[in-house]
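Take a look at the structure set out below.
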Ligand code: FES
């Protein structure tokens, strides 16, 4: 169900503006805790992100990102530990390498680069969560909903193939 917002009109009708939907893959040791800290500190940020908690940013298979886009996300945000702080030593470096390749794939699919973002946010940086999410939502609002009808079959095939695989940690 799309996340929509009513805009007051002339009193006779309201127009519906679709709010950007973002899937956030957050590392449980840092960005997930930062988002939690933001919540407990009553730091307000746009409610457009649905968070998927992962053990490490290095756990994020590029196909997770493609599947998110294929299933209606307008943007994908990866949050991981700062370089040198990964609990699994180099998971975030692996994440960064994959993200660089993935950006090129997304570009080929016609998906604007602002729709996919990787950020290093430590557990203490609750306010950084607000800044990053609000900034991303603003950029996605300007872009509008993701329209990828031509490319959808490829992304769908990739994500369906992945869905049939067994996921191992
Ligand atoms: S444990 Fe957080 S990015 Fe690896």
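Side notes on the structure shown:
- Of all residues in the range 100-124 being part of a loop (DSSP other than H, G, I, E, B) and within 13 Å of the ligand (Cβ to nearest atom), the one that is nearest to residue 32 (Cα to Cα): 123
- Any pair with Cβ under 6 angstrom, 6 or more apart, that starts in the range 101-128 at a residue that is closer than 18 Å to residue 60 by Cβ and ends at one that is assigned to a strand (DSSP E or B) and modelled with pLDDT of 95 or more: 106/116; 115/75; 116/76; 117/77; 118/78; 119/79; 120/80; 121/79
- Of all residues in the range 20-35, those satisfying the criterion of being within 14 Å of the chain's Cα centre (by Cα) and within 10 Å of the ligand (Cβ to nearest atom) are 26, 27, 31, 32.
- Residue check, residue 39 out of contact with any helix residue (DSSP H, G or I) (no Cβ under 9 Å at 6 or more places or on another chain) and away from the ligand (no atom under 16 Å from the Cβ): no
- Looking only at the range 1-19, and only at residues there that are modelled with pLDDT of 50 or more and outside any loop (DSSP other than H, G, I, E, B), the one that is farthest from the ligand (Cβ to nearest atom): 15
- Within the range 65-99, the residues that satisfy the criterion of being assigned to a helix (DSSP H, G or I) and either away from the ligand (no atom under 16 Å from the Cβ) or touching a strand residue (DSSP E or B) at 6+ places or on another chain (Cβ under 6 Å) (or both) are 65, 66, 67, 68, 69, 70, 92, 95, 99.
- Checking 60, 22, 43 one by one, the residue that is farther than 20 Å from residue 117 by Cα and at pLDDT 95 or above is 43 and no other.
- Taking the range 52-64 as the range and being surrounded by 16 or more Cβ atoms within 10 Å (Cβ to Cβ) and within 14 Å of the ligand (Cβ to nearest atom) as the test, the residues that pass are 54, 56, 57, 58, 59, 60.
The values are calculated or read from the model by the stated rules, or taken from the named source; none is laboratory data. None of these values were measured; they are calculated from a predicted model. Using ideal geometry, Cβ is built from the backbone for each residue, glycine included, and neighbour counts are taken over all protein chains shown.
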